[in-house]
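A.B. asks: Below you'll find the structure I mean.
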Amino acid sequence: MLLGVIRDMSFARAAVITVLLTPSLSAASLHAVGQGIDLRSCDGQITARRRCADAECETRSDSVARLSTQAGLTYQGGQWEIALAGSSRCWAPAIAIGGDTDGVLHVWPAAEINGTFGDAAPAEPLRAEFLLRADPTLVSSKCDVTGLRWRCAAPATSSQLRLVLDQRTPHYVPRLSLTTGERKDLGAIQFHRGASIAGVVALRGRHVDAEVEMTPTGDSAAGPARRLVLKEASDGLFQFAGVPPGHYRLAVRRPGWQMAEVKAFRVNENRESFLSTPIELKKAALIDLLITPPLAPGGPPWHVKLERAAVGGAQTPVSETEATVGGEWRNDMLPAGNYIVSVIDLQGSVFLQQRIDAMPDDEPRFLSVAKIQLRGVVRVGRQPFESRVIFTDMDGSKIAFRADAKGHFEGILPHEGRWQVQVRNPQETFYVKDSSVDVKRTSQEAVADVAIALPGGRAKGRVTNESGDPIDADVIVFREGKGIADAGAYLPHGRFELSGLEPGPVTLQAVSRSGESDAVSYLAAEESPASAELVLRKIVNVKTRVISEDGQPVAGAMVRYTAATMPRSRQAVSGPLGDIDLRLTGDTRRVFAAVAAVGFPSTIAMLDAQEPVAAIVLKTKAALLHVVHQSNSRWALVTLDKQAFLPVTSLLPLTPSGLAGFVDDGVEISVAPGAYMFCDDVRPDSTCQRVMLAAGERLTVQPAGGAKK
């Protein structure tokens, strides 16, 4: 995105700013610099006129030769207008000096441009503005008008010319090259009354095929969009003439380059709006894929879903388009960066997912999708289960199958190995997750057989709001703090039910976008499970700020938080002002948070949820915490009060390449000095150890053991 600044009736770069000062006895000096010419060869005079309130103003004349000396000229007593007059060999723009403002008069070899008006001679004065190519400086010259003919003194150099008449559309000559003494006839020029839009597209190399589009915006009734294509000779200059007053946006497109735009500006009547900042185009990044086999199961082409990857795991959808029947897919209009590419079939099953760094002029990439024939059966307890079965692997592949009334399903997977399986009922009012199966064939040609057996435990209940009215919500089933199933309260009277659970104690919680219930203990059973009553309470956003010790906001901090009333933790990232909204139930009093930000030691804090804006202060002094992790065990938990717990991995900072701080035997984290408590479990009788870390100290925490320096 490019924000443009509009300046009426001028080029993008101004050469002279004149400031009116009260006449004083201060002195200003004037020097001259020859631009490809020896100042001693210049004829004519340096004329100066002092500005004053009276009609009789002081004037003086000096030779150019005198100005060319090292001492230059001195002017006293206020503001002076300086010009080079009567010279046949040299040209210089008029400038103003005075007070404490010194001046330099740039002198070029002289040339001339001339032409005729296409209609009657105008009453307004004609002005020529030259944007010099060698040194992008704007200089101007008043022109002489005699009848239909006009002539303007000009610098003998290469420039971009703009001829200006008040309340008329300016006329541009993108490339004007003049030699010393040359008189160039520009022919008849028609100056139309009305407003116009002009600017420059700054682009390395040629401008061929760059398209500029002007579109009315807002309430403007200025007519349809207009487009023009820049040619190489334009030097990136564009102009829309005869533009009705109103609000507009500009967009510039070119194949292989990112679109740039000026989102909003106003055009006034009988004036030209010139973009004071050139519109920059950046080379677009490219993702070029060749997928084998070229067709999805069943024969149609693959679909390719493209998402922009971001810090924190968030993904922003970019596009989803079909590859060719030959398996080719390409997008050459992307900003450079990290993307997630998913190869999917018509049913939305993800057969391959890959992270790709898109760069300009990138080489084609070859993606290979394997095909493994699969068949299986789903049972809940001892009964076949009609269902939708979703297979997911660690690489992001996600394949869905339909199991019939006998529980049978078949299809294709992209590879053998370990797959996580989620089972949904046909109405998709509940699912059970975290089953896993091994997909293995007996030979290359054989079909892989799998059996998915879910326990026979069931849960049911009802969800209401605080007034007792039934309400739609998701009911999450937790076991040992981990979500194992999810049901929707979409049955009549806000009821829910699900099966496929391991019989035994679980925790139920209802959640929605606006509220959540307390975590309720429940006993999943195969026969006659009890009915749970879940009351949805309104969620409130608690304002929090992450700041440094000197009070400055910290943006991009990862805050993971929980409370004694929360069965699961949440996370959020601080905004540009360090601001975060913590989503809590209205009765939450204390919040336990772990904060990790790049450039600061990680810290833990207990927040008062009743404060208007709770503040988390990140320290600068640090200690080094090493927590050993044993395989096949849970990560150690960190707490302050043995009421709310977070895994020690909550202290890991998130970088563009992922979580930072993992080592071979656990994690090693820079943390703020202070008191920490580590526990093996959330149970009241779990083993905990309290430690105190000082600045500069290194501490190793062993699971179910002690701590050592």
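A.B. asks: Do any strands (runs of 3 or more DSSP E) entirely within region 604-709 hold 1 or more residues that are open to solvent by 30 Å² or more (accessible area, probe 1.4 Å) and within 29 Å of A555 (Cα to Cα), and if so, which? Break it down stepwise before answering.
C.D. replies: Numbers: elements: 614-618, 623-628, 637-639, 645-647, 666-671, 674-679, 688-693, 698-701.
Output list reads 614-618, 623-628, 645-647, 666-671, 674-679, 688-693, 698-701.
A.B. asks: When you scan region 575-583, do you find a residue that is surrounded by 22 or more Cβ atoms within 10 Å (Cβ to Cβ) and not in a loop (DSSP other than H, G, I, E, B), even just one?
C.D. replies: Yes.
A.B. asks: Is it the case that some residue within region 176-184 is over 30 Å from C42 (Cα atoms) and open to solvent by less than 10 Å² (accessible area, probe 1.4 Å)? I'd like the intermediate steps shown before the answer.
C.D. replies: Pass one, region 176-184, residues over 30 Å from C42 (Cα atoms): none.
There is no residue in region 176-184 that is over 30 Å from C42 (Cα atoms) and open to solvent by less than 10 Å² (accessible area, probe 1.4 Å).
A.B. asks: Another question, then. Kindly indicate whether any position in region 280-291 is open to solvent by less than 20 Å² (accessible area, probe 1.4 Å), over 20 Å from the mean Cα position of the chain (by Cα) and charged (D, E, K, R).
C.D. replies: Scanning region 280-291 turns up no residue that is open to solvent by less than 20 Å² (accessible area, probe 1.4 Å), over 20 Å from the mean Cα position of the chain (by Cα) and charged (D, E, K, R).
A.B. asks: Let me ask something additional. Which residue out of Q239, Q258 is touching a Phe, Trp or Tyr at 6+ places or on another chain (Cβ under 8 Å), of a type outside the set (A, V, I, L, M) and outside any loop (DSSP other than H, G, I, E, B)?
C.D. replies: On the way: Q258 fails: touching a Phe, Trp or Tyr at 6+ places or on another chain (Cβ under 8 Å).
Answer to the selection: Q239.
A.B. asks: So which pairs qualify, if the first residue must be in region 629-651 and within 10 Å of A593 (Cα to Cα), the second must be of a type in the set (G, A, S) and surrounded by fewer than 18 Cβ atoms within 10 Å (Cβ to Cβ), the Cβ gap must be under 7 Å, and the two must be at least 6 apart or on different chains?
C.D. replies: A644/A564
A.B. asks: Also: How many of the residues making up region 81-114 are assigned to a strand (DSSP E or B) and more than 23 Å from F130 (Cα to Cα)? Let's see the steps before the verdict.
C.D. replies: Here is the first cut: in region 81-114, the ones assigned to a strand (DSSP E or B) are 81-85, 90-91, 95-98, 101, 103-114.
From what is left, the residues that are more than 23 Å from F130 (Cα to Cα) are 98, 101.
Qualifying residue count, region 81-114: 2.
A.B. asks: Sticking with this one: Residue check: is L334 open to solvent by less than 40 Å² (accessible area, probe 1.4 Å), under 16 Å from G199 (Cβ atoms) and either among the aliphatic types (A, V, I, L, M) or under 19 Å from the mean Cα position of the chain (by Cα) (or both)?
C.D. replies: The answer is no for L334.
A.B. asks: Pairs, please: C-beta under 7 Å, at least 6 apart or cross-chain, first residue within 16 Å of I616 (Cβ to Cβ) and open to solvent by 60 Å² or more (accessible area, probe 1.4 Å) and in region 537-552, second in a loop (DSSP other than H, G, I, E, B) and among the small types (G, A, S)?
C.D. replies: Pairs found: R545/G578.
A.B. asks: Of the residues W108, W150, only one is touching a Phe, Trp or Tyr at 6+ places or on another chain (Cβ under 9 Å), modelled with pLDDT of 90 or more, farther than 30 Å from P278 by Cα and among the aromatic types (F, W, Y); which? Outline the logic, then answer.
C.D. replies: Values: W108 fails: farther than 30 Å from P278 by Cα.
Selected residue: W150, the only one of W108, W150 that is touching a Phe, Trp or Tyr at 6+ places or on another chain (Cβ under 9 Å), modelled with pLDDT of 90 or more, farther than 30 Å from P278 by Cα and among the aromatic types (F, W, Y).
A.B. asks: Can you tell which of A188, A264 is of a type outside the set (D, E, K, R), open to solvent by 50 Å² or more (accessible area, probe 1.4 Å) and at pLDDT 90 or above?
C.D. replies: On the way: A264 fails: at pLDDT 90 or above.
None of the others qualify; the one that does is A188.
A.B. asks: Inside region 34-59, can you point out the residues that are open to solvent by less than 60 Å² (accessible area, probe 1.4 Å) and modelled with pLDDT of 85 or more?
C.D. replies: Residues satisfying the conditions are G34, I37, L39, S41, C42, D43, G44, I46, T47, A48, R50.
A.B. asks: Restricting region 553-571 to residues that are among the aliphatic types (A, V, I, L, M) and modelled with pLDDT of 90 or more, which is surrounded by the most Cβ atoms within 10 Å (Cβ to Cβ)? Steps first, please.
C.D. replies: Step one: list which residues in region 553-571 are among the aliphatic types (A, V, I, L, M), which gives 554-555, 557-559, 563-564, 566.
Within this subset, residues satisfying the condition of being modelled with pLDDT of 90 or more are 554-555, 557-559.
Working: V554: 20, A555: 14, A557: 27, M558: 24, V559: 23.
The residue in question is A557.
A.B. asks: Restricting the search to region 115-168, which residues are polar (S, T, N, Q) and open to solvent by less than 20 Å² (accessible area, probe 1.4 Å)? Lay out the reasoning, then the answer.
C.D. replies: Let us first name the residues in region 115-168 that are polar (S, T, N, Q), namely 116, 137, 140-141, 146, 157-160, 167.
Scanning region 115-168 gives S141, S159, Q160.
A.B. asks: Out of all the residues in region 303-320, is one or more touching a strand residue (DSSP E or B) at 6+ places or on another chain (Cβ under 9 Å), part of a loop (DSSP other than H, G, I, E, B) and of a type in the set (D, E, K, R)?
C.D. replies: Looking through region 303-320, none of the residues is touching a strand residue (DSSP E or B) at 6+ places or on another chain (Cβ under 9 Å), part of a loop (DSSP other than H, G, I, E, B) and of a type in the set (D, E, K, R).
A.B. asks: Right, next: Out of the residues in region 360-398 that are part of a strand (DSSP E or B) and farther than 24 Å from G417 by Cβ, which is most open to solvent (accessible area, probe 1.4 Å)? Don't jump to the end; show me each part of the working.
C.D. replies: First, the residues of region 360-398 that are part of a strand (DSSP E or B): 365-368, 372-380, 383-384, 387-392, 398.
Right, trim to farther than 24 Å from G417 by Cβ and you get 380, 383-384.
Numbers: V380: 24, Q383: 119, P384: 63 Å².
Ranking the candidates gives Q383 first.
A.B. asks: What number of residues within region 423-434 are polar (S, T, N, Q) and either over 11 Å from V380 (Cβ atoms) or open to solvent by 50 Å² or more (accessible area, probe 1.4 Å) (or both)?
C.D. replies: Taking region 423-434 as the starting set, the residues that turn out to be polar (S, T, N, Q) are 425, 427, 429.
Add one more test, that the residue is either over 11 Å from V380 (Cβ atoms) or open to solvent by 50 Å² or more (accessible area, probe 1.4 Å) (or both), and what stays is 427, 429.
Number satisfying all stated conditions: 2.
The values are calculated or read from the model by the stated rules, or taken from the named source; none is laboratory data. Bear in mind that the values here come from a model prediction, so they are computed numbers and not experimental data. Reconstructed Cβ throughout: ideal geometry from the backbone, glycine too, with neighbour counts over all protein chains shown. Note: accessible area is taken over every heavy atom of the protein model, side chains too, but ligands, DNA and RNA are not part of it. Shrake-Rupley method; radii C 1.70, N 1.55, O 1.52, S 1.80 Å.
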